[in-house]
Amino acid sequence: MYPESLCALLATRSSTTSALQSTKCSPSLTDPDRMADWLPGCGGVQSEGLLKRAARFKARFGDRLAEFEIVDFIPPRTVGWVERGQRTSSNTSFRLDSAGAATAVTIREVWTPRSLGAWVRGRLFPKRNVQRQLGEILRNLRSILAT
């Protein structure tokens, strides 16, 4: 295990921002029953109620069941979570800003490797394209809000 300061320096940050032609984005993002509609590859979400800070939910991605904890929740502006399973060092957050008749949505994902070896493996053998996934989230949200 390496010092946290070194791991923080090795963190990978990805983000994307887009304006969605709706002012009703927050309910789509924070309703566990709707998350599978916009979260790429998600087959379903289990939650014990509405999302709030420190709440946990589970999401199914193929054969993998992932558990997440809400670490940032200031409705209707922000929601963020960390994974409490295989990707324990992955943090995803959403920020909503009013942009007239639209809402600017910023999605940010930060992966902080737990060791230098994890960083090397993550760089040499990436398992997913984070930018593509963030773009797919925006497309899915845009599609949901258009209906």
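Here are the numbers for the structure shown:
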item: Test set (1) touching a Cys at 6+ places or on another chain (Cβ under 7 Å); (2) at pLDDT 90 or above; (3) of a type in the set (A, V, I, L, M) - ALA54 fails condition number; result: (1)
item: Top-ranked residue of the stretch 51-60 - restricted to ones that are among the hydrophobic types (A, V, I, L, M, F, W, C) and surrounded by 14 or more Cβ atoms within 10 Å (Cβ to Cβ), ranked as nearest to PRO40 (Cα to Cα); result: ALA59
item: When residues of the stretch 37-50 are limited to those that are in contact with a strand residue (DSSP E or B) (Cβ under 6 Å, 6 or more places away or on another chain) and surrounded by fewer than 15 Cβ atoms within 10 Å (Cβ to Cβ), the one nearest to LEU138 (Cα to Cα); result: GLY41
item: Conditions (1) in contact with a Pro (Cβ under 7 Å, 6 or more places away or on another chain); (2) part of a loop (DSSP other than H, G, I, E, B); (3) among the hydrophobic types (A, V, I, L, M, F, W, C); number of the one not met by PHE57; result: (2)
item: Long-range neighbours under 8 Å by Cβ, at least six apart or interchain, first residue over 30 Å from LEU20 (Cα atoms) within the stretch 117-137, second buried (at least 16 other Cβ atoms within 10 Å of the Cβ) and of a type in the set (Phe, Trp, Tyr); result: GLY122/TRP111
item: Strands (runs of 3 or more DSSP E) within the stretch 64-147 that include 2 or more residues within 16 Å of the chain's Cα centre (by Cα) and closer than 24 Å to GLU48 by Cα; result: 64-74, 78-83, 90-99
item: Tally of residues being surrounded by fewer than 17 Cβ atoms within 10 Å (Cβ to Cβ) and closer than 17 Å to THR16 by Cβ across the stretch 104-116; result: 3
item: Those residues of the stretch 14-41 which are at pLDDT below 75 and over 22 Å from GLN131 (Cβ atoms), in sequence order; result: GLN21, SER22, THR23, LYS24, SER26
item: Residue list for the stretch 128-141, filter: modelled with pLDDT of 85 or more and surrounded by 15 or more Cβ atoms within 10 Å (Cβ to Cβ); result: GLN133, LEU134, GLY135, GLU136, ILE137, LEU138, ASN140, LEU141
item: Residues satisfying the stated conditions in the stretch 82-103, i.e. out of contact with any Ser or Thr (no Cβ under 6 Å at 6 or more places or on another chain), surrounded by 14 or more Cβ atoms within 10 Å (Cβ to Cβ) and closer than 14 Å to LEU29 by Cα; result: THR92, SER93, PHE94
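The values are calculated or read from the model by the stated rules, or taken from the named source; none is laboratory data. Bear in mind the structure is a predicted one, so any value in this text is a computation, not a measurement. Please note: Cβ atoms are built from the backbone with ideal geometry, for glycine as well, and neighbour counts cover all protein chains shown.
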